[in-house]
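Note sheet for the following structure.
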Amino acid sequence: MNNTAQTTPVYTFIDRKLNVIASPNAPFPPTELDNQPPLFYLPPLQTRSPQWYDHNLQQLPLVQKYPVYTEVLRRLNINSKSVPLECVAGHWQLHRDFQLSWRSLQNGLNRLIFDLHEASKNGSAISPWFRFSRFPSPDSFGYLRSHRHRHQAATAAMKSRDTFFPLLALLSMTIWHAKKCPVILRYPDLEEQPAWVHFLVCIQGHDSGWIESLR
């Protein structure tokens, strides 16, 4: 046995009746269940704790409990005591540099998700089992807005920060589906550059270093 081989994590989706729904590592997605639980929204921080599977928010099991802050994600590595705030015209807000940095990250992730999702749709790779439902976006929690009180700005910044992780999980889920798409499979699938990375970098024009930092 090769002790240096990396272990591929297996994520299993289970509903409230303890029925196994699917694993992202499975070769084929299962058929759709008859009775789906209702769409629900959690406080952003709670998405990093184990949750019951929700068929409408399939990305939640992929949210990292302990995020790895790669170079491109380092801007999110703050806590309630270190959140960078500034007072402008009597109102509190996340520091402007962080606002711009977070908005750039949010836009970049959304573009990756959009390009992979569109490729999957065009290639008929998406099963009806996959519902492309989004958790509320980071900016909906107020990191781009000003607030009357400092604690309000800090709370908005932390909720916004925590909402990036469901967005990253949606990207992971979209990559899993896109990897089976004929549009993606036409490109060489190499260890140093998987086919989906080739598609994003060479066809869609995304920055290769930025994507590598997310992997």
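The values are calculated or read from the model by the stated rules, or taken from the named source; none is laboratory data. Treat the numbers as computed from the prediction; the structure is a model and nothing was measured. Cβ atoms come from the backbone with ideal geometry, glycine included; neighbour counts cover every protein chain shown. Calculation scope for accessible area: heavy atoms of the full protein, side chains included, ligands and nucleic acids excluded. Shrake-Rupley method; radii C 1.70, N 1.55, O 1.52, S 1.80 Å.
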Worksheet item: Are there any pairs with C-beta distances below 7 angstrom linking a residue in segment 70-98 that is within 21 Å of Leu167 (Cα to Cα) and acidic (Asp, Glu) to a residue that is open to solvent by less than 60 Å² (accessible area, probe 1.4 Å) and not in a loop (DSSP other than H, G, I, E, B), with the two at least 6 apart or on different chains, and if so which?
Response: Glu71/Ser213
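When you check Val72 against the structure, is it at pLDDT 55 or above, under 26 Å from Thr155 (Cβ atoms), aliphatic (A, V, I, L, M) and part of a helix (DSSP H, G or I), yes or no? Steps first, please.
Values: at pLDDT 55 or above: yes; under 26 Å from Thr155 (Cβ atoms): yes; aliphatic (A, V, I, L, M): yes; part of a helix (DSSP H, G or I): yes.
Criteria met by Val72.
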Fill in: Residues of segment 180-196 satisfying the condition of being in contact with a helix residue (DSSP H, G or I) (Cβ under 6 Å, 6 or more places away or on another chain) and buried (at least 17 other Cβ atoms within 10 Å of the Cβ)
Cys181, Val183, Ile184, Ala195, Trp196
Worksheet, complete the sentence: Given (1) in contact (Cβ under 8 Å) with a residue 40 or more places away in the chain; (2) surrounded by 18 or more Cβ atoms within 10 Å (Cβ to Cβ); (3) not basic (Lys, Arg), Gly142 misses just (1)
Practice prompt. Taking Ser124 as meeting all but one of (1) modelled with pLDDT under 90; (2) among the hydroxyl-bearing types (Ser, Thr, Tyr); (3) outside any loop (DSSP other than H, G, I, E, B); (4) open to solvent by 20 Å² or more (accessible area, probe 1.4 Å), write down the number of the exception.
Written response: (3)
Discussion item. Checking the structure you have, find out if any residue of segment 159-172 is open to solvent by 60 Å² or more (accessible area, probe 1.4 Å), of a type in the set (A, V, I, L, M, F, W, C) and either closer than 30 Å to Pro84 by Cα or within 19 Å of the chain's Cα centre (by Cα) (or both).
Written reply: no
